[in-house]
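Visitor: If you scroll down you'll find the structure; I have some questions about it.
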Amino acid sequence: MHQLIQACRSCGARELEAILSLGETPLADALVEAARLEEPEPFYPLEIAFCASCSLVQLLQTVSAETLFTQDYPYYSSFSDALVEHARLNAERLIDAERLGEHSLVVELASNDGYLLRHFAKQGVPVLGIDPAEGPARAAQEAGIPTLRAFFDRDLAACLVAEGKRADVVLANNVLAHVPDLNGFVAGIGLLLEPHGVAVIEAPYVRDLIDRCEFDTIYHEHHCYFSVTALRELFARHGLVLSRVEHYPVHGGSLRLFVRREGEPDETVRGYLADEAEHGLVAAGYYRDFAARVAGVKEGLLALLAALKAEGARIAAYGAAAKGATLLNYVGVGTETIDYVVDRNVHKQGRYMPGVRLPIADPARLLSDRPDYVLLLAWNFADEILAQQDAYRRAGGRFIVPVPEPKVLR
Ligand code: JHZ
């Protein structure tokens, strides 16, 4: 079911330096059905390490992709307005910059419920989504987005090319970290791209993870935590050029990478590489105090919650996010402290957070039930959620943000 890696997931070097262990946690998106509450669930070691050879931060254990992503995968991208807007702007800019039209093809890897491709389809650009998760893939198909239910890899890319399908644009948002066979995936992108094509890839940035102590974004789905240094080497190994890098605040800080079969890196790539070297991301020392800082957040959060409980406060949580599962299970906060979690995703409501088994309810419950505090597990959508929960806040409800350090919002 899970395997300890023997070598770097990217460059194959054998020396990996452990950075942080979060103990054993359940799979972050394996929400528990009410009927299965009596059954035990599997826990897996959650530990990251640094490769001194190519700078890649990565999980030391691999849980199989079939276990992680197929049946019952509850993540649907469309439940965040901010994310859908981010997707729309990305699509419109690409349609313009790459002069996409009815003769083009845009292929998205991990296309989820079609939240991104639909913006291309709306403008008459042919699209193909690829996603192994049954529910989200079905939702995309129902919305008119052609979607292949499969894991993308080198073999699938070769099949598509053999059928005459080559992509002008390959999109891959929040999936590069998810693939156990990183090199096969990137080689597949190289195969699928037209010679003039561009792959536009988004992935959370390891520098934001470390600097802002976003340890809860570590879970079994995320095999890798990328720096530009590690990415440049990964793409180069497959004859691909990392030609441009942009940074966006989504998911706690993400890189948008433009990868091409030809050309040269622009000044943004050179800037990131120089900056990462200067700030030490290319050496293990940068990561060495991370474990102590993470332990500090745990201690601080436990102390804060205990003080609030001692005052008799009732506490709920917002966001049945994967990162919420890591946070609750690592910190060790469950039903003794938190009454329930709310989430707008209807596929999550009625189920339970893995491990800690907190029930998931509709966000409307906050206003009707009026808990004193809400632990914001989906802190990456703080602006959107706080605005949406204005009535609850005006009625006296307070939000607690757990990272980079636990804080009650005034
Ligand atoms: P969210 C996701 O992780 C998914 P998760 C994935 N694992 C990944 O790689 C990373 O992003 C990068 C809900 N919500 O997206 C929706 C509301 O209820 O931060 C989600 O369930 N109301 C592929 O799962 C959750 O919160 C709202 O207004 O850690 C947010 O989960 C909004 C905005 C969201 O990430």
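Visitor: Return the single residue from Ala325, Ala35, Ala316 with maximal mean-square fluctuation; model: Gaussian network over the chain, springs between Cα atoms under 10 Å.
Guide: Residue with maximal mean-square fluctuation among Ala325, Ala35, Ala316: Ala35.
Visitor: Right, next: Give, rounded to the nearest 20 debye, the magnitude of the charge dipole that the range 222-289 has about its Cα centre when Lys and Arg contribute +1 at Cβ and Asp and Glu contribute -1 at Cβ.
Guide: My answer is approximately 280 debye.
Visitor: Also, quick follow-up: Short version: ³J(HN,Hα) in whole Hz for each residue of the range 112-121, in order, from phi by Karplus 6.51 cos²θ - 1.76 cosθ + 1.60 (θ = phi - 60°), x for Gly and Pro, what are they?
Guide: Listing the rounded values in order: 6, 8, x, 5, 9, 4, 4, 6, 6, 4 Hz.
Visitor: Also: Using the Karplus equation 6.51 cos²θ - 1.76 cosθ + 1.60 (θ = phi - 60°), what ³J(HN,Hα) coupling, rounded to whole Hz, does each residue of the range 146-163 give in order, writing x for Gly and Pro?
Guide: My calculation for the range 146-163 gives x, 9, 8, 8, 6, 7, 7, 7, 4, 5, 5, 4, 4, 4, 4, 5, 4, 7 Hz in order.
Visitor: Give me the three principal axis extents of the range 191-342 from the C-alpha atoms, as integers in angstrom, largest value leading.
Guide: 63, 33, 22
Visitor: Related question: What does the charge dipole of the chain about its Cα centre add up to, to the nearest 20 debye, if the Cβ of each Lys and Arg holds +1 and the Cβ of each Asp and Glu holds -1? Intermediate values should be presented prior to the final figure.
Guide: Details: 39 positive and 56 negative charges, 93 e Å.
It comes to approximately 440 debye.
Visitor: With everything on Cα atoms, drop me the angle between helix 81-97 and the longest principal axis of the chain, reported from 0 to 90° to the nearest 10.
Guide: Approximately 10 degrees, to the nearest ten.
Visitor: While we're on this one: Would you mind ranking Thr268, Thr147 so that the residue whose beta carbon has the fewest other beta carbons within 10 Å leads the list? It would help to have the intermediate numbers written out before the result.
Guide: Values: Thr268 17, Thr147 25.
In increasing order of surrounding Cβ atoms, one gets Thr268, Thr147.
Visitor: Which is farthest toward the positive dipole end of the range 142-285 among Val228, Asn183, Gly253, measuring Cα position about the Cα centre, with Cβ charges +1 (Lys, Arg) and -1 (Asp, Glu)?
Guide: With unit charges placed on the Cβ atoms, the residue in question is Asn183.
Visitor: Within the range 162-247, list the GluC sites (Glu not before Pro) lying in a DSSP loop whose Cβ has at most 13 other Cβ atoms in a 10 Å radius.
Guide: Values: sites: Glu163, Glu202, Glu214, Glu221, Glu233, Glu246; in loops: Glu163, Glu214, Glu221.
Filter output for the range 162-247: Glu163.
Visitor: Enter the angle in degrees (range 0 to 90, nearest 10) between the Cα long axis of helix 322-331 and the first principal axis of the Cα atoms of the chain, meaning the one along which they spread out most.
Guide: The two axes meet at around 50 degrees.
Visitor: Another one. Quote the convex hull volume per residue of the range 108-216, based on C-alpha atoms, as a whole number of Å³. Don't jump to the answer; show the numbers that get you there.
Guide: Numbers: hull volume 13.5 nm³, N = 109.
Here the figure is 124 Å³ per residue.
Visitor: Find how much the distance from Glu262 to Ala387 grows on full extension, using 0.36 nm per residue of separation minus their present alpha carbon separation; answer in nm with one decimal. Can you show the working numbers first?
Guide: Working: separation 125, 0.36 × 125 = 45.00 nm, distance 4.40 nm.
Roughly 40.6 nm would be gained on extension.
Visitor: Moving to a separate point now. How many percent of all Cα-Cα pairs in the range 3-45 sit more than 15 Å apart? If you can, show how the numbers build up before the last one.
Guide: Working: 564 of 903 pairs.
Above the 15 Å cut-off, the range 3-45 has 62 percent of its Cα pairs.
Visitor: Treating the range 1-124 as a set of equal point scatterers at the Cα positions, no solvent, please give the Debye-formula log₁₀ I(q)/I(0) at q = 0.11, 0.13 Å⁻¹.
Guide: Computed log10 I(q)/I(0) values: -0.64, -0.82.
Visitor: Tell me the Rg and the Dmax, in Å, that the Cα atoms of the chain produce.
Guide: Every Cα atom of the chain included, Rg and Dmax give 21.1, 66 Å.
Visitor: Further, regarding this structure: Which number do you get for Rg(Cα) / (2.2 N^0.38 Å) in the range 278-410? Don't skip to the answer; put the middle values down first.
Guide: On the way: Rg = 15.6 Å, N = 133, 2.2 N^0.38 = 14.1 Å.
Taking N as the residue count of the range 278-410, the ratio is 1.11.
Visitor: Treating the angle as unsigned and between 0 and 90°, give the value, to the nearest 10°, between the Cα long axis of helix 228-237 and the longest Cα principal axis of the chain.
Guide: 40 degrees
Visitor: Over the chain, what relative contact order in percent results from Cα pairs under 8 Å that are six or more residues apart? Before the final figure, lay out the partial values.
Guide: On the way: 860 pairs, mean separation 63.6, N = 410.
Averaging sequence separation for qualifying contacts and normalising by length gives 16 percent for the chain.
Visitor: Could I ask something else about it? Excluding Ala322 itself, what net charge comes from residues whose Cβ is under 12 Å from its Cβ, given Lys and Arg +1 and Asp and Glu -1? The partial results should precede the final answer.
Guide: Working: positive: Lys323, Lys348; negative: Asp29, Asp216, Glu221, Asp343.
Around Ala322, the charge tally is -2.
Visitor: Could you let me know the centre-to-centre spacing of the range 64-94 and the range 182-248, using Cα atoms, in angstrom?
Guide: 17 Å
Visitor: For each of Phe79, Phe50, count neighbouring Cβ atoms within 10 Å of the residue's Cβ, then give the residues from fewest to most. The partial results should precede the final answer.
Guide: Working: Phe79 18, Phe50 29.
Ordered from fewest to most neighbouring Cβ atoms within 10 Å, Phe79, Phe50 come out as Phe79, Phe50.
Read the figures in this text as sums done on the coordinates, not as results from a lab. Remember, predicted model here, so these are calculated numbers, not experimental data. Please note: Cβ atoms are built from the backbone with ideal geometry, for glycine as well, and neighbour counts cover all protein chains shown.
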